[in-house]
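K.L.:
Sending over a structure as structure tokens; questions will come in a sec.
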Amino acid sequence: MTTKIVLIDDHKLFREGVKRILEFEPSFSVVAEGDDGSAALQLVEQYQPNVVLMDINMPNINGVEATSELIENFPDMKVIILSIHDDENYVTHALKSGAQGYLLKEMDSNALIEAIKVVGDGGSYLHPKVTHNLVKEYRRLVDETSNKLTDKMIDYRKPLHLLTRRECEVLQLLADGKSNRGVAEALYISEKTVKNHVSNILQKMNVNDRTQAVVLAIRNGWVEVL
């Protein structure tokens, strides 16, 4: 099945680069392009894509506003935000608008392709750097609302009843914001092995994607966030 993609970004050179990357994936098809958020609704209505890649900073209507409007009119539409900002405020606003993914423009081609596949299948995907920042912010908010606890009092318990020791290590590195490649380099294993570990972790934790796994691990005190 072909994944139809609409690409919205006001920088033509960036759009051309992204489109060229996506053309190497046989199951992807960029069916339309736009340079402003105001064009997104019209293009989605006309081409009925599976995924919209949306720049966050654009003139007239920015990516967050355009995403809100899209989701309001097409509740099942899947949107991935493209941004240069890793600040949690940008990410939070994007997710509140209905976006299922948030990628930094410093991403590599493999991350872009993986994100589209994950979001297209109904999951969510955040750039590892963004995930780490969100986890840190979540931890800060928890500490603020529970002044009875301090970082030193938190008992970080490894879920050895659920995961193997190696899977615990992988989970911790995911919480640290590592990509599959970063985890592989840290543990001196192959990226294929990392993907197998991540798949096992998601299955055992009964979650859909790595972001949900990290958030659940934080809530249960299974990982340490510095």
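K.L.:
Of GLY17, VAL91, GLN203, which is farthest on the positive side of the dipole of the chain, counting Cα position, with +1 on Lys and Arg Cβ, -1 on Asp and Glu Cβ, and the Cα centre as origin?
P.N.:
Farthest towards the positive pole: GLN203.
K.L.:
While we're on this one: Which is farthest toward the positive dipole end of the chain among THR193, SER109, PRO159, measuring Cα position about the Cα centre, with Cβ charges +1 (Lys, Arg) and -1 (Asp, Glu)?
P.N.:
PRO159
K.L.:
Further question on the same structure: As a quick test, which of the pairs LYS4/LYS105; LYS78/LYS129; LYS78/LYS136 have an alpha carbon distance above 23 angstrom in this structure?
P.N.:
Beyond 23 Å between Cα atoms: LYS78/LYS136.
K.L.:
Then there is this: Could you rank the peptides 103-115, 73-85 by their average count of other C-beta atoms within 10 Å per residue, with the highest value first?
P.N.:
73-85, 103-115
K.L.:
Amide H neighbours of VAL30 under 5 Å, counting only residues 5+ apart in sequence or on other chains, H built in-plane at 1.01 Å?
P.N.:
Amide H neighbours of VAL30, under 5 Å, 5+ apart: ILE5.
K.L.:
Kindly state, to the nearest 0.05, the FRET efficiency for LYS136 paired with GLU25, given R0 = 41 Å and r defined as their beta-carbon distance.
P.N.:
The pair LYS136/GLU25 has a calculated efficiency of 0.80.
K.L.:
Here is a further query. Just reorder TYR102, TYR90, TYR125 by solvent-accessible area, largest first, 1.4 Å probe, all chains present.
P.N.:
Largest accessible area first, the residues go TYR90, TYR125, TYR102.
K.L.:
With a probe of 1.4 Å, find how much accessible area the chain has per residue, and write the answer as a whole number in Å².
P.N.:
Roughly 53 Å² per residue, with all protein chains present.
K.L.:
Another question, if that's okay. Heavy-atom accessible area of LEU13 with all protein chains present, probe 1.4 Å, nearest 10 Å²?
P.N.:
140 Å²
K.L.:
Check LYS78: other-chain or 5+ apart residues with amide H under 5 Å from its amide H, H built from backbone geometry?
P.N.:
VAL52
The values are calculated or read from the model by the stated rules, or taken from the named source; none is laboratory data. Note that the structure is predicted; figures quoted are calculated from it, not measured. So basically every Cβ, Gly included, is an ideal-geometry build from the backbone, and we count neighbours across all protein chains shown. Keep in mind that these areas ignore ligands, DNA and RNA; they rest on the heavy atoms of the full protein, side chains included. Shrake-Rupley method; radii C 1.70, N 1.55, O 1.52, S 1.80 Å.
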